[in-house]
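Novice: Below you will find the structure I want to go over with you.
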């Protein structure tokens, strides 16, 4: 990142775009998350593992080229 420029991230809770340098941030499992408000950050803290697993599933589906199927094994 160039000095004076800040990145744009998406709040994982509400989906709003946020400026990284001006937002609240939290690191969870070696990944940095950015939030539009303290309320979204608190909600993430309560649901962090569920959100993290859902993101991993999305990435796995994108990389595998197959449709994700959810259910009981």
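Novice: In which sequence would 18, 10, 53 go, from the one with the fewest C-beta neighbours within 10 Å to the one with the most? If you can, show how the numbers build up before the last one.
Specialist: Numbers: 18 21, 10 13, 53 10.
With the fewest neighbours first, 18, 10, 53 line up as 53, 10, 18.
Novice: When N is the residue count of the stretch 8-63, what does its C-alpha Rg come to as a fraction of 2.2 N^0.38 Å? Don't skip to the end; give the middle numbers.
Specialist: On the way: Rg = 11.2 Å, N = 56, 2.2 N^0.38 = 10.2 Å.
That works out to 1.11 for the stretch 8-63.
Here, each number is a calculation from the coordinates, and none is a lab measurement. Quick caveat: nothing in here was measured; it's all calculated off a predicted structure. Every residue, glycine as well, gets a Cβ built from its backbone with ideal geometry; the counts of neighbours run over all protein chains shown.
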